[in-house]
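J.: Got a structure for you, questions after.
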Amino acid sequence: MQYLRTINTTTNNMKSEKTKKIIYWVFTGLVSFVFLGSASGKLSGNEEAFKMAADFGIDAKTYTMIGVLELISLVLFILPRTGVVGTLLLSAYMGGAIATHLQHGVPIVAPSVILTFVLLVSFYRFPELVNRLLNRQS
């Protein structure tokens, strides 16, 4: 009887781990979707996007470079080994977006929501990050 309980517990733990992995990659995919869309707009050479950037005082070359940096940060975020560094870079990027929006009197709701989502996903993906931020012993 004890053997069957052990098997049942092990099976439940395996299902739980599988569910956590699925959630991990779904959340990572959602963050990726947001930043891929943003970066592709910067790298596509879209005249409307360049006009919007010009309204913020950003020339086309700088806007394209921002798109490249956004993609590099996203790749670092996606890879589990460099995910914490990617989190920091994406957070800094969104902080810059918030500052730019504030400087030009544009609402900051969208970049704030994206930043919050990136941080929440990162806290789920990297429990050690939460432990460091809250000064907990792991």
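No value in this document is a laboratory result; all are computed from the given coordinates. Fair warning: this is a prediction, and the values are worked out from it, not measured in the lab. Positions of Cβ are backbone-derived with ideal geometry, glycine not excepted, and every protein chain shown enters the neighbour counts.
J.: Would you mind stating whether Gly37 is in a loop (DSSP other than H, G, I, E, B) and surrounded by fewer than 18 Cβ atoms within 10 Å (Cβ to Cβ)? Before the answer, list the steps.
T.: Working: in a loop (DSSP other than H, G, I, E, B): no; surrounded by fewer than 18 Cβ atoms within 10 Å (Cβ to Cβ): yes.
The answer is no for Gly37.
J.: For segment 44-94, give me each residue that is of a type in the set (D, E, K, R) and crowded, with 16+ Cβ neighbours inside 10 Å.
T.: If the condition is that a residue be of a type in the set (D, E, K, R) and crowded, with 16+ Cβ neighbours inside 10 Å, then Glu70 is the only one that fits.
J.: Another question, if that's okay. Residue check: is Phe117 part of a helix (DSSP H, G or I), more than 19 Å from Leu43 (Cα to Cα) and touching a residue at least 12 places away in the same chain (Cβ under 8 Å)?
T.: For Phe117, the condition - part of a helix (DSSP H, G or I), more than 19 Å from Leu43 (Cα to Cα) and touching a residue at least 12 places away in the same chain (Cβ under 8 Å) - is met.
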